[in-house]
1. Take the cross-link list A:LYS113/B:LYS277; B:LYS32/B:LYS111; B:LYS142/B:LYS342; A:LYS36/A:LYS70; B:LYS165/B:LYS229; B:LYS102/B:LYS142 and give me the ones stretching past 25 Å between alpha-carbons.
2. What's the angle, to the nearest 10 degrees (0 to 90), between helix B:336-346's Cα axis and the longest principal axis of chain B?
3. Which of B:ALA310, B:VAL272, B:ALA241 sits farthest toward the positive end of the charge dipole of the stretch B:219-373, with +1 on the Cβ of Lys and Arg and -1 on the Cβ of Asp and Glu?
4. Under 17 Å between alpha carbons, and skipping anything fewer than 8 positions from A:LYS4 in its own chain: which lysines qualify?
5. Starting from the Cα of B:ARG130, step 7 Å along the direction of its Cβ; do the same at B:ARG11; then give the gap between the two resulting points in nm.
6. Return the Rg/Rh ratio of the protein assembly as shown with Cα-based radii and a Kirkwood Rh.
7. Is there a simple number for the mean count of other chain Cβ atoms within 10 Å of the Cβ of residues in B:196-203, and what is it?
8. Using a Förster distance of 41 Å, how high is the FRET efficiency between B:VAL98 and B:ARG249, based on the Cβ-Cβ distance and rounded to 0.05?
Amino acid sequence: MGRKILVIDDDADFLASVTTVLEAAHYEVATARSAKEGLEALKGSRPDLIILDVMMEHEWAGYELNQAVKFGADESTSTIPILMVSSIQTDPATLFYRATEAGMVTPDSYLTKPLDIPVFLARVRSFVGG
Amino acid sequence: MSVSEEPKPARLVVVIDDDEVMRLSCKEILRKSGYEVECFENGQAGIERIRERRPPLLLVDLKMPGLDGFQVIEICRKLDPELVIVVITGYATIGTAVDAMKAGAYDFLPKPFTPDELRLIIARGFERRRLMDEARALRREKEDAERRFVSFVAHQLKSPLAAIKQYLDVLLFTMGDSLPEKAKLWVGRCQVRASDMLELISDWLPLARLERGALCQAGAASELGEVVKQVVRDHEHAAEAARVALELRLEEGLPPVVGDGLALAMLCGNLVGNAIKYNREGGRVSVELARAGERAVLSVRDTGLGIPEAQVGRLFTEFFRVSSEATKEIAGSGLGLAICRKIASELGGEISVESVEGVGSSFRVELPFAPSP
């Protein structure tokens with residue numbers, strides 16, 4: 001109860017549906033519509049989990065944010081777990097190759113959109129409980 | 001992490017000639033024209049230096065003790081296909097010069113030659129190299145643009161469908177109990193249709209990419225073992241859900257194979273995914289990577305439904321799907337194996353299958369090792 005989750009995605013419909021599911025599971029949800037907004041949101045609060053889209057302002061925006069949270073100037077964000085979501089690649093192996101080939105750290109976890117809701121909630125629970 | 005690289009030797013000429021007077025005069029003339037010149041009296045030493053410094057141009061005598069000019073050309077062509085080679089033909093007949101050019105030399109210079117002749121032919125060689133470099137850069141740019149275009153289309157097509165599907169899922173998950181039975185049924189059908197279409201797009205896009213020749217990165221090499229390990233890890237969840245045992249056996253120490261990680265992961269992922277999907281409860285998938293001569297062999301064996309003998313021949317054809325009682329409930333686009341075959345053949349490899357209906361299938365992919373750098 002009361003664990004905070006920040007969902008960052010440029011797709012308003014995705015934000016709406018995911019917020020509904022998470023709130024139904026009694027999480028407190030904040031949303032951001034871009035990587036930039038997401039970074040702003042992190043200045044004011046410390047979520048227990050970030051759910052992060054890959055393609056936003058540009059193809060790599062999500063990866064860059066993942067990198068910034070894990071290795072950015074503000075060290076206190078580095079321990080926040082990140083669950084990345086994307087509809088681009090169905091195969092996480094290929095997605096991770098793209099990240100590592102670009103010299104970026106792979107996210108803590110990854111799921112393909114549309115999310116399988118029971119799997120998604122189980123994954124969220126594995127990070128924040130509840 | 002890369003070793004400190006020497007700046008690219010843009011004006012470097014390597015000269016290989018056993019005749020000392022020849023070496024000294026070439027050096028003198030070319031240095032005055034602003035070239036950097038390194039001279040070697042035998043093929044072995046020259047090739048060693050070419051390997052280290054990657055010069056744009058090589059000037060080599062055809063007739064030398066030890067490695068002769070032809071052998072040097074042959075080795076250098078493999079070492080750096082873009083190296084511009086000019087041969088010096090001493091005992092010149094046009095015949096040997098033509099043979100040298102057939103073997104991959106760009107031009108020839110018959111002895112004796114004047115300083116102007118030398119300068120002219122070297123200048124032409126560098127111009128040739130510049131054009132080759134430019135053409136390659138353009139080709140890369142075009143490939144990159146095509147890759148970006150395809151991922152853009154993927155995103156544009158899939159995002160709205162994913163959003164629709166997500167709403168339907170959430171609707172049933174959070175409010176399903178309050179919906180009338182018929183509404184629930186229809187929402188369920190919409191989910192299935194949206195899923196099918198998403199899968200079709202996922203499968204079709206890489207194929208579109210392949211047809212533009214932009215899926216496999218030219219010149220890339222990858223550790224296939226690492227790719228296979230990652231692919232198996234990523235399928236553990238699916239295997240568990242399908243109650244299929246997933247086994248992996250890797251031969252260690254294989255050299256890297258031709259191909260980029262993305263293409264190889266797609267190839268392996270399709271095979272492993274299929275082996276799980278077309279298996280039976282309590283079945284097994286064995287993934288094995290081993291070496292066979294100059295090739296890596298990946299085999300993916302399942303204890304699944306198998307393929308009727310009459311249909312095996314069409315298995316790797318686009319949009320072909322095995323039709324049998326056992327598969328009719330399993331959704332699929334019929335593109336996965338077509339993609340596998342395209343990737344394998346684009347990388348200079350092969351894919352084959354042996355299957356017994358009702359017993360299982362065994363897919364075998366052979367991929368050549370990458371040429372050592």
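1. Details: A:LYS113/B:LYS277 20 Å; B:LYS32/B:LYS111 20 Å; B:LYS142/B:LYS342 20 Å; A:LYS36/A:LYS70 16 Å; B:LYS165/B:LYS229 31 Å; B:LYS102/B:LYS142 30 Å.
Listed pairs above 25 Å: B:LYS165/B:LYS229; B:LYS102/B:LYS142.
2. 10
3. The one lying farthest along the dipole's positive direction is B:ALA310.
4. The qualifying lysines are A:LYS43.
5. 1.3
6. Numbers: Rg = 29.1 Å, Rh = 26.7 Å.
Using only Cα positions, Rg/Rh for the protein assembly as shown is 1.09.
7. Details: counts 0, 0, 5, 1, 0, 2, 6, 1.
Going residue by residue through B:196-203 and averaging, the value is 2.
8. Values: r = 52 Å, r/R0 = 1.28.
Calculated transfer efficiency: 0.20.
Here, each number is a calculation from the coordinates, and none is a lab measurement. On a predicted model such as this, the values are computed, not experimentally measured, just so you know. We place every Cβ from the backbone using ideal geometry, glycine too, and count neighbours over all the protein chains shown.
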